[in-house]
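Every number here is computed from the coordinates shown, using simple stated rules; none is lab data. Note that this is a predicted model, so its numbers are computed, not measured. Note that each Cβ is placed from the backbone with ideal geometry, even for glycine, and that neighbours are counted across all protein chains shown.
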């Protein structure tokens, strides 16, 4: 553990935290030093084997005469069949830090990209979502302290085969390639999901391994798109909330069972709603620092609270607004309910939402949180506990105004309110509480924007002037030649 300091609200607070480790490993092959791999320090044999496989130096496990890694001195000694080329021409790549490859052509096209028959069996979108969800569950280091990339491969049904994580996203693919080599797993025709951006180097390695589909939670570079088009790889980005963007070979995705073929984006159905959970918006604050009711401020062509209601209505079948001034919100097409214990703050609002909800659990959010992350909300709601609390954490601590509460909490909240306690967390000791760590939240929202709220006119002006474009696009290539 390492001593760090968290700056918040004008104060520095000391705490102990894990720090992501990086480990330089000097690679010697047949007596020649060819590269230094900078990576996470675990399972280095898989990393070395996968790196050599993806560079084209080995194809099978029996191509290795020797593979030894000395953790103490940071050296890997490898003996392989055949001889290395007299002159190796490295290309430096920018991934997470700078990587190196000996096979990527300078034009970014990867030369003669392998083109296995990847379209023999099409992949259903449900398999992509299933494997991406499994990746989120497996990302242990990311959940603990962030800064780690993860990747997984699965079959065409979305069943996980291999998982890896590392400080470098390209290293995760090398680790998978090495482990598959030693375990005799054929990667041809598989699906790769990754937490990081898809670069040219990632696409080239997938092409060499015969991977049929690449899916990322974020974007792809323009040259990676071009390479996947040439290699016959289906390339998908922004896998979030039941939606994704297809950059290459959409025809290799299986059509929805209830629809034939591809349709324009406007006809694409909305993501499914989460059953058994009600969305609850709390609109009972005093807005003292804002000077006016912030829920009614203009935002995105309507009022502030309309944007939040719209987002929750896409996720939940039932949305409630807890307010003691329901007449101010007649424009919202949802049921308005009053506090049963007026004057007791947000805890009374949670109590009222739970009491009036038709479902056994509620997702609660304040009316001044404009950056709600739909993927994170769905993730939390899908794990709702009807008998307790599911609360996410951020670097600031727990976030009870962006949490899921079960009706089983009602008695504990009632007891707490009757005792005069107003703080939300004051009833946590009377019920079961599960936490979603800051690391797991960061997988969905690395900057924790979803917990940000608007308290002052300055906050509002920054929000209004900086409304963000939600339409993703491929980013420029992230490679430099050396």
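For a test of the definition: using alpha carbon positions, the gyration tensor, and the 1.5 limit on a/c, classify segment 346-393 as rounded, prolate or oblate.
oblate
Please report the Cα spread of segment 274-464 along all three principal axes, rounded to whole Å, starting with the longest.
Principal extents (Cα only, largest first): 40, 37, 30 Å.
With a Förster radius of 22 Å, plug the Cβ-Cβ distance of residue 188 and residue 133 into 1/(1 + (r/R0)^6) and report the FRET value to the nearest 0.05.
That pair, residue 188 with residue 133, gives E of 0.35.
Only counting other Cβ atoms within 10 Å, I'd like 371, 238, 247 sorted with the fewest neighbours first.
With the sparsest Cβ surroundings first, the list reads 371, 238, 247.
Within 10 Å of each residue's Cβ, count the other Cβ atoms and sort 432, 419 from fewest upward.
Ascending Cβ contact count within 10 Å gives the list 419, 432.
Please compute the contact order of segment 342-430 in relative form: average sequence separation of alpha-carbon pairs under 8 Å and at least six residues apart, divided by the residue count, as a percent. If you can, show how the numbers build up before the last one.
Numbers: 110 pairs, mean separation 31.4, N = 89.
Result for segment 342-430 is 35 percent.
With labels modelled as points extended 7 Å from the Cα through the Cβ direction, what inter-label distance (nm, one decimal) is found for residue 307 paired with residue 419?
3.9
Let me have the relative contact order for segment 125-262, percent, based on Cα pairs under 8 Å that are six or more residues apart. List each step's numbers first, then the result.
Numbers: 259 pairs, mean separation 24.7, N = 138.
RCO, segment 125-262: 18 percent.
Taking R0 as 45 Å, what FRET efficiency do you get between residue 28 and residue 371 from their Cβ-Cβ distance, rounded to the nearest 0.05?
According to the calculation, E is roughly 0.40.
Quick check on the exposure proxy: order 304, 23 from fewest to most C-beta atoms within 10 angstrom.
Least to most surrounded, the residues fall as 23, 304.
Dividing the alpha-carbon Rg of segment 125-262 by 2.2 N^0.38 Å yields what?
Values: Rg = 13.9 Å, N = 138, 2.2 N^0.38 = 14.3 Å.
Rg over 2.2 N^0.38 Å, computed on Cα atoms: 0.97.
Which whole-number percent gives the relative contact order of segment 274-464, counting Cα pairs below 8 Å spaced six or more residues apart?
On the way: 354 pairs, mean separation 45.8, N = 191.
24 percent.
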